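Encoded as structure tokens, the structure appears first; notes follow it.
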Amino acid sequence: MKKTEKKNASSYCNYNDSFISYDQNRQPNGLQEILNIFKQSRIPVEEQTILEGGFGTGAYINHIRHHVKEIHGVEGSEKGYEETRQKVGNAENVHLQIGNILDLSFSDDFFDAYMVNQVLHHLDTEPAYPHLTLFLKESRRVIKPGGVLTINTSSQEQLNPHSGAYWNYKYIEKAALAIQARYIPVPNLLSRLEELEFTEIKTTLPSGNLFQERYYCDPRLVLDTDFQKADSIYCFYSKKQIDEANILIRSSIDDGSVYQQMEHAAARAKEIGESVIISARKPL
Ligand SMILES: C[S@@+](CC[C@H](N)C(=O)[O-])C[C@H]1O[C@@H](n2cnc3c(N)ncnc32)[C@H](O)[C@@H]1O
């Protein structure tokens, strides 16, 4: 890395670019469900010490900090760290660091809960997802006995370019298939959690949307380079491929077919959700 380049952790996307427009285009979905999971512990939520791994621009931390005793965050992108620092101001119960969630600096049994939101697909380039196992082992190490891990991710069905929850993925099919391969199928993730002897493994469909409201009603939004920067799926496409996809979308706006596609994806999202939260406990 050149000296002037900011640190970045994703295996395929430079988040120092993406975070310029991230907050305008994304929403922290599942916040309520994650808090509810934290509340199901023996320790009252306001006495809990929480960790967020890969906190991005800090949207989750900035909300959850008001409900818990302390929240720590580890993020691989310097730009994300800086944005989050600004967002949380002088909040005394927030502790942020630039680091790698595969190798945490915390001692064993430190946290009451650990959350990751849309991070797992950045960890691995290999189809056997070896870094995911490292991440799960490291999570289990830093969580207290009885503590909980929440993983906000997406299923293969949700990411499907033709029958999934994201209407624009149909027009960037190759990128959608590439990103789909980065997500471990949910049943496999559940098996890995079982193998590592996590207990109370549950799946919850979060409420709320992943993207800003305009995504769901105005197809022109996805032509915007700022929007494209805020979804790492576009990192799988060259400039030429993005231009070709934009042509496809413009013509489907002109002939009206895009609206059917948007309706179809919205109906699917109601059925299968836009993402999924998997929670699992470290045994006492
Ligand atoms: C899609 S973003 C999600 C950001 C945030 N969690 C959210 O949902 O708004 C993925 C984040 O994971 C971070 N990340 C990826 N691999 C990481 C690693 N090994 N260690 C720390 N952070 C990592 C990236 O830098 C990026 O901020």
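The values are calculated or read from the model by the stated rules, or taken from the named source; none is laboratory data. Bear in mind the structure is a predicted one, so any value in this text is a computation, not a measurement. Here the Cβ is made from the backbone with ideal geometry for all residues, glycine too, and neighbour counts use every protein chain on show.
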(request) Output the number of the condition that residue 20 fails; it satisfies all remaining conditions of (1) within 11 Å of the ligand (Cβ to nearest atom); (2) of a type in the set (Val, Ile, Thr); (3) farther than 22 Å from residue 139 by Cβ. (result) (1)
(message) Name the single residue that is farthest from the ligand (Cβ to nearest atom) among those in the range 28-65 being within 20 Å of residue 89 (Cα to Cα), in a loop (DSSP other than H, G, I, E, B) and not hydroxyl-bearing (Ser, Thr, Tyr).
(response) 65
(message) Anything in the range 233-255 that is surrounded by fewer than 20 Cβ atoms within 10 Å (Cβ to Cβ) and of a type in the set (Gly, Ala, Ser)? List them, or say none.
(response) 238, 251, 252
(message) With the structure loaded, tell me whether residue 134 is within 14 Å of the ligand (Cβ to nearest atom), buried (at least 18 other Cβ atoms within 10 Å of the Cβ) and not small (Gly, Ala, Ser) or whether it fails that test.
(response) no
(request) Name the single residue, out of those in the range 69-116 being in a helix (DSSP H, G or I) and within 13 Å of the ligand (Cβ to nearest atom), that is surrounded by the most Cβ atoms within 10 Å (Cβ to Cβ). (result) 80
(request) Report, by residue number, each residue of the range 12-36 that is under 14 Å from the mean Cα position of the chain (by Cα), among the polar types (S, T, N, Q) and modelled with pLDDT of 80 or more. (result) 25, 27, 29
(request) Starting from the range 201-220, take each residue that is over 15 Å from residue 60 (Cα atoms) and list its partners that are of a type in the set (Phe, Trp, Tyr) and surrounded by 13 or more Cβ atoms within 10 Å (Cβ to Cβ), counting only C-beta distances under 8 angstrom and pairs at least six apart or across chains. (result) 215/227; 219/167; 219/259
(message) With the structure loaded, tell me whether residue 8 is within 11 Å of the ligand (Cβ to nearest atom), farther than 24 Å from residue 209 by Cβ, outside any loop (DSSP other than H, G, I, E, B) and at pLDDT below 95 or whether it fails that test.
(response) no
